[in-house]
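A short worksheet on the structure shown next.
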Amino acid sequence: MNYKKKSLFIYGTIIICFLFSLLGTTLAQLNIPYSSRAFLEYQIVPVYSKISGDVDKIFVKDKEIVKINQPLFSLNKELYNASYLSVLGSYNQTIESIKTLKNDIKKNKNIVSSNKNIYDRNINELKKYKSLYKKRYISEIDLDNLTNKVTESEKTYKESLGKLQDLLVKYNKNENSMSSFLIALGALEKAKLNLKYTTILAPINGEVVMNNFYKNTSIKSNSTIFYIKNNDVLKVNATFKEKGVSKNINGRKSLILFDGIPNKIFKGYVEKIDPILSQGYSSSSSLVKIENDNRWVRDSGEVRVSIIIQDSKNIKELSSGSKASVILLSPNDNSIYNFFAKIWIHIIKGFNYVY
């Protein structure tokens, strides 16, 4: 009977310990979630040239700290300078042609006005001649001569008027909106930009990361040449179980342990939860794919959390993508949960030396 009581006591103790362990694990996941799937992420911006060419000068070195808009390198300007001068000549030629067109219109308006006066005068004289001819004061030959004169003046007037109208079609009172001017101006602006783009500037403040980049290197437009990394803002992206991370998580404190620096625990705070995951996006160009899962209990959902590191000066030597472990402290700053969180991260810290 004593053996039976002892067995029941042992089994009961095991069941109670299991239940307490399950309860403790659940509470820990809900209040101080832990993730070993985290990695370091720098703010990295690619440096590229908007034009093609050969590298003429390099102003910085690898690992040099630069400021935004600081010159990094330049391309050979000879070709782009020649192109600019050629386009500038075409632009000036267009301006001169517009001025010439304007002067021609002015001259032709005077000519049309003069021809119109001559034509009107001849018409009036023809009326007088017709009246005189009826009274037999002039001959038929005189009338015919004046009639021919009216016809010639009318022809001259209409020809000058047609030429004026052709010129007016080409001209616009708003000279800046004329197609020839806009084409020339656009070509000039493009040539200016290309000449400006021969000097490549730093897109952000940060550290230069370049490999095998030398003078006379031929580069193509819009192709990445090297990178600038911002050492002032460092993030850790961690994957957590969805049930352990609430929506209002921004600003929540955390403890971070890097594999590359196993002897120090860093502090941080949650910046945001990534709002879009690949599992929640269906492309319009692909068919819907349903994942098969034979588990009777499915895996919990996961989310990506971005964490800002507070003391980032001591981890600048780590590479982007360095692995880390992260535990979030209690959202209500509960001292008991935070105590267990610190114990757990220190246990992981000890394992990092061994494993």
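The values are calculated or read from the model by the stated rules, or taken from the named source; none is laboratory data. Note that the coordinates shown come from a computational prediction; the quantities given were computed from them, not determined experimentally. Using ideal geometry, Cβ is built from the backbone for each residue, glycine included, and neighbour counts are taken over all protein chains shown. The accessibility values were calculated without ligands, DNA or RNA, using every heavy atom of the protein model including side chains. Shrake-Rupley method; radii C 1.70, N 1.55, O 1.52, S 1.80 Å.
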| query | Based on what the data block shows, is Lys215 closer than 30 Å to Gly89 by Cα and open to solvent by 50 Å² or more (accessible area, probe 1.4 Å)? | reply | no
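Would segment 188-203 turn up any residue that is open to solvent by less than 70 Å² (accessible area, probe 1.4 Å), of a type in the set (Phe, Trp, Tyr) and either touching a strand residue (DSSP E or B) at 6+ places or on another chain (Cβ under 7 Å) or in a loop (DSSP other than H, G, I, E, B) (or both)? Full working, then the answer.
First, pick out the residues of segment 188-203 that are open to solvent by less than 70 Å² (accessible area, probe 1.4 Å): 188, 191, 194-195, 197-200, 202-203.
Filter once more, keeping what is of a type in the set (Phe, Trp, Tyr): 197.
Keeping just the survivors that are either touching a strand residue (DSSP E or B) at 6+ places or on another chain (Cβ under 7 Å) or in a loop (DSSP other than H, G, I, E, B) (or both) gives 197.
Checked against the condition, which is being open to solvent by less than 70 Å² (accessible area, probe 1.4 Å), of a type in the set (Phe, Trp, Tyr) and either touching a strand residue (DSSP E or B) at 6+ places or on another chain (Cβ under 7 Å) or in a loop (DSSP other than H, G, I, E, B) (or both), segment 188-203 yields at least one hit.
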| field | In segment 104-147, residue surrounded by the fewest Cβ atoms within 10 Å (Cβ to Cβ) [restricted to those that are among the β-branched types (Val, Ile, Thr) and closer than 30 Å to Asn172 by Cα] | value | Ile105
| field | Filtered residue count, segment 55-89, keeping only those that are open to solvent by less than 50 Å² (accessible area, probe 1.4 Å) and without any contact (Cβ under 8 Å) to a residue 24 or more places away in the chain | value | 1
| remark: Within segment 301-337, the residues that are open to solvent by 70 Å² or more (accessible area, probe 1.4 Å) and under 20 Å from Pro262 (Cβ atoms) are Gln310, Lys313, Asn314, Glu317, Ser319, Lys323
| note | Filtering segment 141-180 down to residues that are in a helix (DSSP H, G or I) and touching a residue at least 40 places away in the same chain (Cβ under 8 Å) yields Thr156, Tyr157, Ser160, Leu161, Lys163, Leu164, Leu167, Leu168, Lys170, Glu175, Ser180
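State whether the residues of segment 97-113 include one that is free of Cβ contacts under 8 Å to residues at least 40 places away in the same chain, out of contact with any strand residue (DSSP E or B) (no Cβ under 7 Å at 6 or more places or on another chain) and not in a helix (DSSP H, G or I).
Within segment 97-113 (the criterion being free of Cβ contacts under 8 Å to residues at least 40 places away in the same chain, out of contact with any strand residue (DSSP E or B) (no Cβ under 7 Å at 6 or more places or on another chain) and not in a helix (DSSP H, G or I)), the answer is no, since none of the residues qualifies.
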| task | Identify all residues within segment 221-245 that are surrounded by fewer than 13 Cβ atoms within 10 Å (Cβ to Cβ) and of a type in the set (Ser, Thr, Tyr); write none if there are none. | result | Ser221, Ser223, Thr224
| message | What's the number of the only condition in (1) under 25 Å from Lys229 (Cβ atoms); (2) at pLDDT below 85 that Asp293 fails to meet? | response | (1)
| field | Those residues of segment 334-354 which are in contact with a strand residue (DSSP E or B) (Cβ under 8 Å, 6 or more places away or on another chain) and over 9 Å from Ile32 (Cβ atoms), in sequence order | value | Lys342, Ile345, His346, Ile348, Lys349, Asn352, Tyr353
| Among the residues of segment 36-54, how many are open to solvent by 10 Å² or more (accessible area, probe 1.4 Å), more than 30 Å from Val303 (Cβ to Cβ) and assigned to a strand (DSSP E or B)? | 3
| note | For segment 298-327, pairs from a residue that is over 23 Å from Val245 (Cβ atoms) to a residue that is open to solvent by less than 70 Å² (accessible area, probe 1.4 Å) and outside any strand (DSSP E or B), with Cβ under 7 Å and 6 or more apart or across chains, are Leu318/Gly260
